[in-house]
Amino acid sequence: MVFWKKLFNPSDTATSPTSDHGQDLVEIKTDNPAQARIFFSTDRDIDLYELEELCDSVGWARRPLRKVKKAIECSFLVTSMWEVKGNRKRLVGFARATSDHAFNATIWDVVIHPAYQSKGLGKSLMKYTIKKLRGEDISNITLFADPHVIDFYRRLGFVLDPEGIKGMFWYPD
């Protein structure tokens, strides 16, 4: 099954991955070298309160921190996006994926701080996350999207109801 189209092209804004103290980092190029730098990391050491502030910034409902911590610990991949200005580092984006470690992964909790939206950073975060999943030989990538962001994911190659697949949900009464 094909869940996405070609996601990577030579005009991607991310540079090659580098390693920094066990973190897998990709710096986003900016037009102005005096601007803050943006990095991606796959390190799971994320301040839960900082993540909660990021989620608050987009209006998400609060979740118990113990459950958020467990979700991060049990995720197959955690991607965070950081703004670095001088010695200050700020969490500005986040995504995570669960997986069966063989065929399938589902991306969850994609969030970009509103001040960083509409600048291509969400697209870069998704491309980076998908590239990491594909690097682990994951062939089927799914996600759940709120109606107001479906077009964003469509532009990345995701399709609604591919090949007649119907998602189903079970909820307790």
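Where a number appears in this text, it was derived from the coordinates with a stated rule and is not lab data. For clarity, every value in this text was computed on a predicted model and none was experimentally measured. Glycine also receives a Cβ, built like all others from the backbone with ideal geometry; neighbour counts cover every protein chain displayed.
Close amide H contacts of Leu77 (hydrogens built in the peptide plane, cut-off under 5 Å, sequence separation of 5 or more or a different chain): Ala97.
The residues Tyr171, Tyr128, when put in order of fewest to most other Cβ atoms within 10 Å, stand as Tyr171, Tyr128. Taking a Cβ cut-off of under 15 Å around Ala61, the surrounding Lys, Arg, Asp and Glu residues balance to a net charge of -2, with basic ones at +1 and acidic ones at -1. Computed extension gain for Val149 through Ser57, at 0.36 nm per residue and net of the alpha carbon distance, reaches 31.5 nm.
For segment 45-112, the set of chymotrypsin sites (Phe, Trp or Tyr not before Pro) satisfying both a DSSP loop assignment and a count of at most 10 other C-beta atoms within 10 Å is given as Phe103. Once you have a ≥ b ≥ c as the square roots of the Cα gyration tensor eigenvalues for segment 18-159, tell me rounded if a/c is under 1.5, and otherwise prolate or oblate according to whether a/b is larger than b/c. Rounded shape, in that the Cα axes give a/c under 1.5. Going by neighbour counts of Cβ atoms within 10 Å, the residues Cys55, Cys74 line up, fewest first, as Cys74, Cys55.
In order along segment 55-71, the Karplus-derived 3J(HN,Hα) couplings, from 6.51 cos²θ - 1.76 cosθ + 1.60 at θ = phi - 60°, round to 5, 4, 4, 9, x, 6, 5, 5, 10, x, 4, 4, 6, 4, 4, 5, 4 Hz, and Gly and Pro are given as x.
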